[in-house]
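Visitor: Have a look at the structure that comes next, please.
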Amino acid sequence: MKASIPMLREMKRDGRPIVMITAYDHPSGRIVDAAGVDLVLVGDSAANVVLGHGSTVPATMDEMTMLTAAVSRAVTNALVIGDLPFMSYQVSDAEAVTNAGRLIKEGGADVVKLEGAGPSLDRVRALVSAGIGVMGHIGLTPQTATSLGGHKAQGRQAGAATRLFHDAVALEQAGCFAIVLEAVPAPVAAVITDRLAIPTIGIGSGPGTSGQVLVLHDLLGISDGSPQPRFVKHYAEIGEAMANAVAAYAQDVRTHGYPAAEHTYSIPDDELEAFEAAIGAGSIEDNTLADW
Ligand code: KIV
């Protein structure tokens, strides 16, 4: 059954944890959907994770639309969330609606996500008025990590925690159907979750949120070797398995172990003989280009 916004509210009400994960391409979309997750985020973390940038800031609308389309063509059950990249919604309500509309119409996303509260509240209202479901994202917001002093936990002082609480309430009032809480102290995230009607999805925010999200490549152990945040848990070492598989292939090619007979196509003997007769005796070097 296709996941829906009312279903997420029910899950929160019933205390059933919501499972969200990122995906950036068609095979990953198919695999995470088959695994039964509730929400698939085509996150702008794609900029770091699959496009090789140092932050999420360079992600463009064209890139996010293409990646979202690849994932949404594979996902049939989970709700697909298209992530609005930096500067695709900050300038005006009109640009936010146009760009969110692209993620939905061209990218096939069901809903969109944007970061921040404050100035983003008007954007949320504009998108919701246009009939677009919006997930909020507060705490550590990677698009503005520079202003936050880097990739570090947010809301660790009473004042900052209180601001996060008010931001969450304002996002709910503006019409968000859920909010990501990133790198927020667990007790603060739990209180915010209790005080909202809409679900919260935590990343590095403890067990008291309505659900959890992780970056697919982090949990699979496909990382570039840079230190990972403390909240990342590896459920597999697929990066190592991939490297071993490619090394085994390279070794096979170099030692003539691949391809074997079962990997090749045959030709009937008489056809082969006719072919050899047609091209004549001698090596290829004996033939001039004109003969071809
Ligand atoms: O872009 C992303 O992957 C995200 C998640 C970390 C929530 O925003």
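Visitor: Just to be sure I understand the filter: pairs with C-beta atoms under 9 Å, separated by 6 or more residues or on different chains, first member in region 10-23 and without any contact (Cβ under 8 Å) to a residue 60 or more places away in the chain and open to solvent by 20 Å² or more (accessible area, probe 1.4 Å), second member more than 16 Å from the ligand (Cβ to nearest atom) and part of a helix (DSSP H, G or I). Which pairs pass?
Guide: Sorted first by the residue in region 10-23, then by its partner, the pairs are 16/10.
Visitor: Go through (1) among the aliphatic types (A, V, I, L, M); (2) away from the ligand (no atom under 16 Å from the Cβ); (3) under 25 Å from residue 82 (Cβ atoms) one by one and return the number of the condition residue 181 breaks.
Guide: Residue 181 satisfies all of (1) among the aliphatic types (A, V, I, L, M); (2) away from the ligand (no atom under 16 Å from the Cβ); (3) under 25 Å from residue 82 (Cβ atoms) except (2).
Visitor: Hey, among 175, 149, which residue is without any contact (Cβ under 8 Å) to a residue 12 or more places away in the chain and more than 28 Å from residue 25 (Cβ to Cβ)?
Guide: On the way: 175 fails: without any contact (Cβ under 8 Å) to a residue 12 or more places away in the chain.
When all the criteria are applied, what remains is 149.
Visitor: Still on this model: Could you go through region 177-194 and let me know if any residue there is farther than 19 Å from residue 133 by Cβ, within 24 Å of the chain's Cα centre (by Cα), assigned to a strand (DSSP E or B) and of a type in the set (Val, Ile, Thr).
Guide: Step one: filter region 177-194 for residues farther than 19 Å from residue 133 by Cβ, giving 182-194.
Now restrict to residues that are within 24 Å of the chain's Cα centre (by Cα): 182-186, 189, 193.
Restricting the remaining residues to those that are assigned to a strand (DSSP E or B) gives 182.
Filter once more, so that each one left must be of a type in the set (Val, Ile, Thr): none.
Scanning region 177-194 turns up no residue that is farther than 19 Å from residue 133 by Cβ, within 24 Å of the chain's Cα centre (by Cα), assigned to a strand (DSSP E or B) and of a type in the set (Val, Ile, Thr).
Visitor: Go over the candidates 5, 18 one by one and state the one that is in contact with a Gly (Cβ under 8 Å, 6 or more places away or on another chain) and away from the ligand (no atom under 16 Å from the Cβ).
Guide: Values: 18 fails: away from the ligand (no atom under 16 Å from the Cβ).
Checking each option against the conditions leaves just 5.
Visitor: Another question, if that's okay. Tell me which of these residue 87 doesn't satisfy, since it passes every other one: (1) part of a helix (DSSP H, G or I); (2) within 16 Å of the ligand (Cβ to nearest atom).
Guide: For residue 87, the failing item is (1).
Residue by residue, here is whether (1) more than 15 Å from residue 56 (Cα to Cα); (2) within 14 Å of the ligand (Cβ to nearest atom); (3) part of a loop (DSSP other than H, G, I, E, B) holds:
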| residue | (1), (2), (3) |
| --- | --- |
| 100 | yes, no, no |
| 118 | yes, no, yes |
| 123 | yes, no, no |
| 137 | no, yes, no |
| 160 | yes, no, no |
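Visitor: Within region 24-57, which residues are in a loop (DSSP other than H, G, I, E, B) and either in contact (Cβ under 8 Å) with a residue 24 or more places away in the chain or within 11 Å of the ligand (Cβ to nearest atom) (or both)?
Guide: Initial filter on region 24-57 (in a loop (DSSP other than H, G, I, E, B)): 24-25, 35-38, 43-45, 50-57.
Once the filter is applied, which keeps residues that are in a loop (DSSP other than H, G, I, E, B) and either in contact (Cβ under 8 Å) with a residue 24 or more places away in the chain or within 11 Å of the ligand (Cβ to nearest atom) (or both), region 24-57 yields 24, 25, 36, 37, 38, 43, 44, 45, 50, 55, 56, 57.
Visitor: Scan region 53-68 for residues that are closer than 17 Å to residue 28 by Cβ and surrounded by fewer than 19 Cβ atoms within 10 Å (Cβ to Cβ) and jot them down.
Guide: 63, 66 - these are the residues of region 53-68 that are closer than 17 Å to residue 28 by Cβ and surrounded by fewer than 19 Cβ atoms within 10 Å (Cβ to Cβ).
The values are calculated or read from the model by the stated rules, or taken from the named source; none is laboratory data. All values derive from a computational prediction rather than experimental measurement. Every residue, glycine among them, receives a Cβ derived from its backbone with ideal geometry; neighbour counts consider all protein chains shown. The protein model used for the area step is the full one, side chains on, heavy atoms only, and it has no ligands, DNA or RNA in it. Shrake-Rupley method; radii C 1.70, N 1.55, O 1.52, S 1.80 Å.
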